[in-house]
Amino acid sequence: MQAFLMWCILSKIEFCFPLLMLKTMVRAFSQKKSVLPFGSILTKVFQHHQIRLEGEIATKLKKEDTYNKSTMNRMGWKKQEGIWTYCPKVDQRPRIAIEEQEENPPWEAQEEAAPAQAQAQGTSSSTDFDRVIEFMCSRFDSMQASLEEKFEQVNTRLTSLEKDHVTIRSNFDNIDDTICYDLKVVRRRLKRMERKLANSKTIDGCEETSGDKSDSDAPSAAS
């Protein structure tokens, strides 16, 4: 692809670079152990649009990632009489001469020459995309089912806690009534004991207070 881009630039042929980048990334994604290409260009695009890249691992460009005269020579370009010319090796097909005779842009001509191959690549990319979507949908369905189960457990526990709270509140109300009644009974019994001790001359006397006339322990007073 680099040789094709250099030929387009030096030959002043217009091409859609974003489309080439997209196709290259799709092709790289469909391969095993692939690395997303155009990392430096995408980084510049993200930075231009102020997209935060915190947490990403920075990678320095290697020496072979830069383009210079030796890189052009390795790619088959030679400078002859001040003009860069593509000189393929003996075992390579002179594709540049064929492309110069075509009227359409090289990428369009290649697609027209091999529609079956392009359709197969499109089908493969579509199949990969469908597999990814299917996998993501299954994962989302599994997560949704798990969350629904967790929420159901939480609601069940909250309902149980509400019932326990009502029971505890009812017990506290009953305890208040029971304590009040028990205190009245104890006070009456102590008063009777005090009178008996006073009658037996064990103590000097008994101090009468309001509510001391009733000697009954019946719960009618509490009710």
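The values are calculated or read from the model by the stated rules, or taken from the named source; none is laboratory data. Everything numeric here is computed off the predicted structure, so don't read it as measured data. Using ideal geometry, Cβ is built from the backbone for each residue, glycine included, and neighbour counts are taken over all protein chains shown.
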Subject >> Filtered residues of the stretch 58-100 (kept if of a type in the set (Val, Ile, Thr), exposed (fewer than 10 other Cβ atoms within 10 Å of the Cβ) and modelled with pLDDT of 75 or more) >> reply: 83
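A quick yes/no check of all residues on (1) more than 30 Å from residue 29 (Cβ to Cβ); (2) at pLDDT 80 or above; (3) among the small types (Gly, Ala, Ser):
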| residue | (1), (2), (3) |
| --- | --- |
| 130 | no, no, no |
| 141 | no, yes, no |
| 174 | yes, no, no |
| 194 | yes, yes, no |
| 202 | yes, no, no |
| 214 | yes, no, yes |
**OP:** For residue 109, work out the one condition from (1) of a type in the set (Gly, Ala, Ser); (2) modelled with pLDDT of 60 or more; (3) more than 21 Å from the chain's Cα centre (by Cα) it doesn't fulfil.
**Re:** (2)
**OP:** Please specify each residue of the stretch 14-50 satisfying the condition of being surrounded by fewer than 10 Cβ atoms within 10 Å (Cβ to Cβ), at negative phi and within 24 Å of the chain's Cα centre (by Cα).
**Re:** 35, 49
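Tell me yes or no: at least one residue of the stretch 13-30 is among the charged types (D, E, K, R), within 25 Å of residue 129 (Cβ to Cβ) and outside any helix (DSSP H, G or I).
No: zero hits.
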